[in-house]
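Chemist: Before I ask anything, here is the structure I am working with.
Just so it is clear, none of the values below were taken in a lab; they were calculated from the coordinates. From a predicted model like this one, the values you see are computed outputs, not experimental measurements. Every residue, glycine among them, receives a Cβ derived from its backbone with ideal geometry; neighbour counts consider all protein chains shown.
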Amino acid sequence: MKFSAFLTLFLFGLGVFAPAAETTSTPNIVIILADDLGYGSVGCFGADGKLVRTPNIDRLAHEGRRFTDANTTSSVCTPTRYSLLTGRYCWRTSLKYETLNTFAPMLIEPTRYNMASMLKAHGYHTAAIGKWHLGYGDGKKDPKYRVDYTAELAPGPNELGFDYHFAVPQNHGDVTGVYVENHYVYGLRSGKIPADLKLPAPVPDDENFAPTYNSESQQGHGHTPMEIDAPRRVDDRVMPELTDQAAHWIEQQKAGTPFFLYFAPVAVHEPVTPSRDTRGTSQAGRFGDWIHELDRTVGRVLETLEKQGFAQNTLVIFTSDNGGIYEPTQKRPEMDAVHAGLAVNGQWRGGKTHVFQGGFNVPFIARWPGKIPAGTESREMISLVDVLATTAAIVGEKLPSAEKAAEDSCNILPALLGEKYDQPLRSDMVEHSNDGVFAIRKGPWKWIEGVPVKQISPGLRKAHAAEFQRQLYNLAEDPTESKDVSEQHPEIVKELEAALNVERNAGHTRDLPRHTAGVQTGNPIKR
């Protein structure tokens, strides 16, 4: 019997839930992965309602389970996105620091086990809509490979198991200024297009598109946009366009056939470009409006699921790829919101790119009516790399050996369902900064190795000097990482350092022996 079927019968026998007539043992799965959304930027995780309001995200928490110790694998986007889809730490790949550039080949090999291919094998319809930032094409064939956006973008998400793909190829405000649909730039009019191929395009005068792409959109860095003969994105219409695409795809799904939607909004990544519908609606400036834009999109997805009759049998996971931007010395909309009183990353130190918890602790909410207890909270330490193993457990999939796939993914389904268990589901967890600095968490402890990659610039070495040194924190007693206690606990440092080395050298963490000597695991982090 598959795990999902056994779980349904077991919970029903306990009277935990009575399945509705339209439900099946295999749920639809929708993952909403926000961009740069910090822990303290939404209401159910502590955002001041006088500054920003997130009723749709808060509704998910009211109807589902909120995790207060959910973490990304990296403090920047590409590595976390890779980990979520593959169940593998990204630092095991060729990408050892920072993120992929706009012209990099696809980071996930088409042969690699991943969420899309796994769920597709179980009969799911699959789609990847929103920000991609995992590359296109096969750089293995050419060491000087550079993505050609006027030609076929293959291999791509379709070769990973996604039936449909519509995306911003790299970042909001990237130099391409276009969308990609399946294997080609959306609406591409000229280029290396087969003569018998007609590419879809937006209708004339669609307000979400423009004939040119303004260089002022290039994240304020003055980069010149690419010249591509295709409809161009309009920055303050990107979120409405992606939302429309996601809603339309859900509307196309049929009852009785499960579906998986990996939906990655560009909000709240820079440039901060709320649409006219949300502009001026917050008390935290443009960045607060941008958070409202994200919440509006979440509401649209939930509304579409309900309208189509899918909500009751759909697992929705809402989270973020890394913490929010927190750079006190810079003048930017995020810091304007901070000065207005918004704690974008809650109590956590630092933010995006950094090795401190502000870069890793993110909102994480799971809703699955009748299965996940509504209005509940979990303090279980989890990682976004665990999503693959968890969804595999839901559909009854036995993972390949850890040496072959899902190397670092842990099944956290018991925590989602609110079940009782005797020990933490995850023995420890590795974190990795934009600069290539490793940290490892175990129980209340966090040890930072403090060694960046050699390629880090002198300026960055100076700016991030506080991160480039060995340090130990007890997050249960000191969640803000303000007191290094490595000198007081050399035995903990020794144990965590050894554990980190073992996990790096082994090539996987799943199925490794659980080592607990010297480290107490039962202390929840203070909130």
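Chemist: For the stretch 242-368, what does the convex hull of the Cα positions come to per residue, in cubic angstrom? Write down the numbers at each step before the final one.
Modeler: Values: hull volume 14.6 nm³, N = 127.
In the stretch 242-368, the Cα convex hull volume per residue is 115 Å³.
Chemist: A further question on this structure: With an 8 Å Cα cut-off and a minimum separation of 6 or more residues, compute the relative contact order for the stretch 406-479 in percent. Write out the running numbers ahead of the final one.
Modeler: Working: 87 pairs, mean separation 16.7, N = 74.
Result for the stretch 406-479 is 23 percent.
Chemist: Among residues other than A405 whose Cβ falls under 10 Å from its Cβ, what is the net charge (Lys/Arg +1, Asp/Glu -1)? Mind dumping the intermediate values first?
Modeler: Numbers: positive: R88, R112, K404, R510; negative: E403, E407.
Neighbour charge sum, excluding A405 itself: +2.
Chemist: While we're looking at this one, here's another question. Okay, helix-only estimate at 222 nm for the chain: each DSSP H run of n ≥ 4 adds -39500 (n - 2.57), divide by all residues, round to 500 deg cm²/dmol; what do you get? Numbers along the way, then the final one.
Modeler: Details: 12 runs with 123 residues, N = 527.
It lands at -7000 deg cm²/dmol.
Chemist: Okay, moving on. If you take every DSSP beta bridge whose two residues both sit in the chain, what share of them, in percent to the nearest 5, is antiparallel? Mind dumping the intermediate values first?
Modeler: On the way: 25 of 53 bridges.
Expressed as a percentage, antiparallel bridges in the chain total about 45.
Chemist: Can you check how the C-alpha radius of gyration of the stretch 25-417 compares to 2.2 N^0.38 Å, as a plain ratio? Walk me through the intermediate numbers first.
Modeler: Working: Rg = 19.6 Å, N = 393, 2.2 N^0.38 = 21.3 Å.
Its radius of gyration relative to the 2.2 N^0.38 Å reference: 0.92.
Chemist: So, one more: How much length is gained on full extension from S482 to Q283, taking 0.36 nm per residue of separation minus their Cα-Cα distance? Walk me through the numbers before you get to the answer.
Modeler: On the way: separation 199, 0.36 × 199 = 71.64 nm, distance 3.00 nm.
Here the answer is 68.6 nm.
Chemist: Please rank C44, C90, fewest neighbouring Cβ atoms within 10 Å first, as an exposure proxy.
Modeler: Result, fewest neighbours first: C44, C90.
Chemist: Using only alpha carbon pairs under 8 Å that are at least six residues apart, calculate the relative contact order of the chain and give it in whole percent. Write down the numbers at each step before the final one.
Modeler: Details: 1212 pairs, mean separation 120.6, N = 527.
Reported relative contact order: 23 percent.
Chemist: At q = 0.11, 0.25 Å⁻¹, what is the base-10 log of I(q)/I(0) for the stretch 429-506 according to the Debye formula with one equal point scatterer per Cα and no solvent? Please give it to two decimals.
Modeler: -0.28, -1.21
Chemist: Sort the following peptides by mean Cβ neighbour count (other Cβ atoms within 10 Å, averaged over residues), highest first: 439-448, 454-463.
Modeler: Details: 439-448: 23.8, 454-463: 11.3.
Descending mean neighbour count gives 439-448, 454-463.
Chemist: Stretch E227-H62 to full length: gain in nm at 0.36 nm per residue minus the Cα-Cα span?
Modeler: Details: separation 165, 0.36 × 165 = 59.40 nm, distance 4.65 nm.
Between E227 and H62, full extension yields an extra 54.8 nm.
Chemist: How large is Rg/Rh for the stretch 353-479, to two decimals, with Cα atoms and a Kirkwood Rh?
Modeler: Details: Rg = 17.2 Å, Rh = 16.7 Å.
Here Rg/Rh amounts to 1.03.
Chemist: Relative to the compact-globule scaling 2.2 N^0.38 Å, provide the ratio for the alpha-carbon radius of gyration of the stretch 31-155.
Modeler: Values: Rg = 17.5 Å, N = 125, 2.2 N^0.38 = 13.8 Å.
Taking N as the residue count of the stretch 31-155, the ratio is 1.27.
Chemist: Going from the alpha-carbon gyration tensor of the stretch 25-71, what semi-axes, largest first and in whole Å, does one get by taking the root of 5 times each eigenvalue? The partial results should precede the final answer.
Modeler: On the way: eigenvalues 94, 32, 22 Å².
Whole-Å semi-axes of the equivalent ellipsoid: 22, 13, 11.
Chemist: Follow-up question, since we're still on this one. For the stretch 80-123, list residues with backbone N below 16 Å from a point placed 7 Å from the Cα of K454 toward its Cβ?
Modeler: The answer is 96-97, whose backbone nitrogens lie closer than 16 Å to the label point.
Chemist: Right, another one. Quick check: from the Cα gyration tensor, does the stretch 141-223 come out rounded (a/c under 1.5), prolate or oblate? Walk me through the numbers before you get to the answer.
Modeler: Working: a/c = 1.65, a/b = 1.19, b/c = 1.39.
The shape class here is oblate.
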